[in-house]
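S.K.: Have a look at this one before I ask anything.
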Amino acid sequence: MPIKRLRFLIAALCLTGFCCLPVSELQAQLGQNAPAQSKKNAAGNDSRPETPTPTADPTMSRFQQLQDQTVYKKGFDKRRFFFGGGVGAQFGTLTAVELSPTVGYTFHRMFKMGISFTFEYFAYNYLTAAQTVERRQYFLYGGSLFARFYPIKYLYLHAEIMGMNQPRVSNEKRYWMAYPLIGFGYNQPLGEHAALQLQLLWNLNNAPESIIANPVVSLGFNIRP
């Protein structure tokens, strides 16, 4: 057999064996450049664009995002709880101390509900028929259920029914009285987890025994986890 024909046959056998090598061995033989292109093409053929997770407006703080209900977790979510209330004090001829903690839950971007408790202490000087001054004091306590509707972000309509345990003026025996309150309020965010709350309410109970004068202005705060 001629030398040239033998060389041609050997070269053909080598080329055939090289082409039949597994992909891993081809990578070892050719290096990483050529297979990288193949991987890129394969990935391009099989990959599908993923649907991005809805995100909130990046210009809003976390508290504002919660107010706008941009928490997409369905069902119960502890991040929708909010806590707050108000504290007030006055000292002198009339002494008054008030504590009103609040807890609520955001059911929807436009709707929230909650409960609050009220503890009040009053002390004042009373002029008796004998023209002597007596120091009288009273403790008031109660609770309420409220609902808030947000037609505009941070501005809400407020409806509340409060039950207050108070003493009678005539005989100082204690009794419960209901106070329906309506009005509106505003939340001013102070950071990612807190907001200042201003409310203006009106008491619909016009009974002589009513101890809540109109209008009812309160300043409090809200915090969330």
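S.K.: Exactly one condition in (1) out of contact with any helix residue (DSSP H, G or I) (no Cβ under 7 Å at 6 or more places or on another chain); (2) part of a strand (DSSP E or B) is not met by Asn205; state its number.
M.R.: (2)
S.K.: Limited to the range 147-186, what total is found for residues that are within 20 Å of Phe107 (Cα to Cα), charged (D, E, K, R) and in a loop (DSSP other than H, G, I, E, B)?
M.R.: Looking only at that region, the number is 1.
S.K.: Another question, then. Surrounded by 14 or more Cβ atoms within 10 Å (Cβ to Cβ), among the hydroxyl-bearing types (Ser, Thr, Tyr), outside any strand (DSSP E or B) and in contact with a strand residue (DSSP E or B) (Cβ under 7 Å, 6 or more places away or on another chain) - does that describe any residue in the range 103-116?
M.R.: Among the residues of the range 103-116, not one is surrounded by 14 or more Cβ atoms within 10 Å (Cβ to Cβ), among the hydroxyl-bearing types (Ser, Thr, Tyr), outside any strand (DSSP E or B) and in contact with a strand residue (DSSP E or B) (Cβ under 7 Å, 6 or more places away or on another chain), which makes the answer no.
S.K.: Please work out if Thr95 is out of contact with any Leu (no Cβ under 9 Å at 6 or more places or on another chain) and either part of a strand (DSSP E or B) or under 18 Å from Asn165 (Cβ atoms) (or both).
M.R.: yes
S.K.: Would you pick out the residues in the range 148-187 that are of a type in the set (A, V, I, L, M), closer than 25 Å to Phe221 by Cα and open to solvent by less than 70 Å² (accessible area, probe 1.4 Å)?
M.R.: Leu155, Ala159, Met162, Met164, Ala178, Leu181
S.K.: Just to be sure I understand, how many residues within the range 116-139 are modelled with pLDDT of 90 or more and touching a Ser or Thr at 6+ places or on another chain (Cβ under 7 Å)?
M.R.: Result for the range 116-139: 3.
S.K.: Which residues, counting only those in the range 197-225, are in contact with a Pro (Cβ under 8 Å, 6 or more places away or on another chain), open to solvent by less than 80 Å² (accessible area, probe 1.4 Å) and either modelled with pLDDT under 90 or among the aliphatic types (A, V, I, L, M) (or both)?
M.R.: Leu200, Leu201
The values are calculated or read from the model by the stated rules, or taken from the named source; none is laboratory data. Computed from a predicted model, the values in this text were never measured in an experiment. Positions of Cβ are backbone-derived with ideal geometry, glycine not excepted, and every protein chain shown enters the neighbour counts. The area values use the complete protein model at the heavy-atom level, side chains included, leaving out ligands, DNA and RNA. Shrake-Rupley method; radii C 1.70, N 1.55, O 1.52, S 1.80 Å.
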